[in-house]
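Undergrad: Dumping the structure here so I can ask a few things about it.
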Number of protein chains: 2
Amino acid sequence: MNKSDDALSLDNQVCFALYAANRAVTARYRPLLADLDLTYPQYLVMLVLWEEGRVGALTRVSDLGRRLRLDSGTLTPLLKRLEERGLLNRQRISQDERVVTLALTDAGWALQKQARSVPQKLLCGVALQPERLQALRQELRAVLTALEGEAGSSD
Amino acid sequence: MNKSDDALSLDNQVCFALYAANRAVTARYRPLLADLDLTYPQYLVMLVLWEEGRVGALTRVSDLGRRLRLDSGTLTPLLKRLEERGLLNRQRISQDERVVTLALTDAGWALQKQARSVPQKLLCGVALQPERLQALRQELRAVLTALEGEAGSSD
DNA sequence: TCAATAAAAATTGTGCACAATTTAATTTCG
DNA sequence: CGAAATTAAATTGTGCACAATTTTTATTGA
């Protein structure tokens, strides 16, 4: 049996490539985010809050979950850590006491300034053309869409 | 500031696409692997052992780590679980007592038969052409190579 | 020789992910 | 109205990842 024919061969698995590449990218982020004292998932949460807060929207935990594809089991403890650090406040809304909304503090907004240089720094020293990365991003979005069965072109 | 220009926009981040796609793929695997009572990382370990055991090689924990880019902090407890389930044996070698080698049991080899249908089943119901997936795999390998600074075309 | 160094795996501790369940609030509908 | 169903978040428990340290064994070199 030829290795390149074998569906169980590690090297032939897109999924392993995805798994390994994801961890390699996250590892590349780690020292940059350490300067902000954030983990990668925490950084993603902050990205959403910076983006939605900018237009004056109040982000709910469920909104975050929809954007990041994470549930409350992951988000609740993560958000508590960010709250303890003083980056955001969590508050139930009076119209519906089940809902928790998230509001950035001044410290949370201040951190955005520091974070602006992260994407630039990340690409620095990586020998990959931006166009190629954008093509990859679109391919990955297509995979995500196909797997989720969603119309995912705008969110 | 235009959203599509914003480097801090979630939608523009290749890295988030990678993160989300990876989790979506793993989620797609989960029910298939549940039939084998394996997690995805456990499945990857078994793939390596099936592949290397086939040629009669004794796989070391360090070999696994190199292939999967995982350290002993991750592998040791995972391998202990697989050993407890009777899928493999861990044994230190006499030439160098620091080294732990892994040998599949009969049950470990038997599981390979069940696993053969997994790649097929995974693609079933996913509206993605195989050629496109292979192109994606190669792109991801290029990213991995660029990030690790390795010659990664053969392993 | 034997102390210093290096190497392999294990251990410890933190923080995700995610399934499953629980709690509390809201909505639906008979 | 008021019980049943639904929803949002929190909780509980398991299994990765990974940094940092420790333990054990092997190798090096003065």
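Undergrad: State, to one decimal in nm and shortest first, how far the label point of A:S94 sits from each corresponding label point in the other identical copies (label point: 7 angstrom along Cα-to-Cβ).
TA: 8.0
Undergrad: Total Å² of accessible surface buried at the B-A contact, 1.4 Å probe, nearest 100?
TA: 5800 Å²
Undergrad: Find the chain B residue whose Cβ sits closest to the rotation axis that carries B onto A, and give that distance in whole Å.
TA: Here the nearest residue and distance are B:N22, 2.
Undergrad: Over chain B, with a Gaussian network built from C-alpha contacts below 10 Å, which listed residue (B:S94, B:S117, B:S62) shows the highest mean-square fluctuation?
TA: Between B:S94, B:S117, B:S62, it is B:S94 that shows the largest mean-square fluctuation.
Undergrad: Per residue of region A:49-65, what does 6.51 cos²θ - 1.76 cosθ + 1.60 with θ = phi - 60° give for ³J(HN,Hα)? Whole Hz please, x for Gly and Pro, Karplus curve as stated.
TA: 5, 5, 6, 7, x, 4, 9, x, 7, 9, 7, 9, 4, 5, 5, 4, x
Undergrad: Something else now. Explain nothing, just compute: Karplus ³J(HN,Hα) = 6.51 cos²θ - 1.76 cosθ + 1.60, θ = phi - 60°, for every residue of region A:21-27 in order, whole Hz, x for Gly and Pro.
TA: Values per residue, Gly and Pro as x: 5, 4, 5, 5, 5, 4, 5 Hz.
Undergrad: Below 8 Å between Cα atoms, with a sequence gap of 6+, how large is the relative contact order for region A:38-115 in percent?
TA: RCO, region A:38-115: 30 percent.
Undergrad: Per residue, how much accessible area does region A:38-115 have with a 1.4 Å probe, in Å²?
TA: 51 Å²
Undergrad: Can I ask one more? Suppose accessible area is computed on protein heavy atoms with a 1.4 Å probe; arrange B:R90, A:R137, B:R116 from highest to lowest.
TA: My answer, sorted largest first, is B:R116, B:R90, A:R137.
Undergrad: Given the convex hull over the Cα atoms of chain A, what projected area results after averaging over all orientations, in nm²?
TA: Directional mean of the projected Cα hull area for chain A stands at 12.1 nm².
Undergrad: While we're here: Okay, helix-only estimate at 222 nm for chain A: each DSSP H run of n ≥ 4 adds -39500 (n - 2.57), divide by all residues, round to 500 deg cm²/dmol; what do you get?
TA: -19000 deg cm²/dmol
Undergrad: Still on this structure, please answer the following. Take the alpha carbon gyration tensor of region B:64-147, find the square roots of its eigenvalues, order them as a ≥ b ≥ c, and report rounded if a/c is under 1.5; if not, report prolate when a/b exceeds b/c, else oblate.
TA: Oblate is the answer for region B:64-147, as a/c is 1.5 or above yet b/c matches or exceeds a/b.
Undergrad: Something else: Using the 7 Å Cα-to-Cβ label point, sort the distances from B:P31 to its equivalents in the other copies shortest first and give them in nm to one decimal.
TA: Values, ascending and in nm: 4.3.
Undergrad: A further question follows. Given an 8 Å cut-off on Cα distances and at least 6 residues of separation, report the relative contact order of region A:1-139 as a percent.
TA: 20 percent
Undergrad: Exposed loop sites here are GluC sites (Glu not before Pro) in DSSP loop states with at most 15 other C-beta atoms within 10 Å. What is the longest stretch of chain B lacking them?
TA: Looking at chain B, B:1-96 is the longest stretch - no exposed GluC sites (Glu not before Pro) with at most 15 other Cβ atoms within 10 Å.
Undergrad: Which residues' amide hydrogens lie under 5 Å from the amide hydrogen of A:T101, considering only partners 5 or more residues apart or on another chain, with H built in the peptide plane?
TA: Counting only residues 5 or more places away or on other chains, the set is A:Q91, A:R92, A:I93.
Undergrad: Relative to the other copies, what are the label-point distances for B:T105, with labels 7 Å from Cα along the C-beta vector, expressed in nm at one decimal and sorted shortest first?
TA: For B:T105, the inter-copy label distances come out at 5.3 nm.
Undergrad: Something else now. Short version: what are the Cα gyration tensor semi-axes of the protein assembly as shown, square root of 5 times each eigenvalue, largest first, in whole Å?
TA: They are 38, 22, 20 Å, listed from largest to smallest.
Undergrad: In whole percent, how big is the carbon plus sulfur part of the accessible area of chain A, probe 1.4 Å, protein atoms only?
TA: Here it works out to 51 percent.
The values are calculated or read from the model by the stated rules, or taken from the named source; none is laboratory data. None of these values were measured; they are calculated from a predicted model. Glycine gets a Cβ as well: all are built from the backbone with ideal geometry, and neighbour counts include every protein chain shown. With ligands, DNA and RNA removed, areas are computed over all heavy atoms of the protein, side chains included. Shrake-Rupley method; radii C 1.70, N 1.55, O 1.52, S 1.80 Å.
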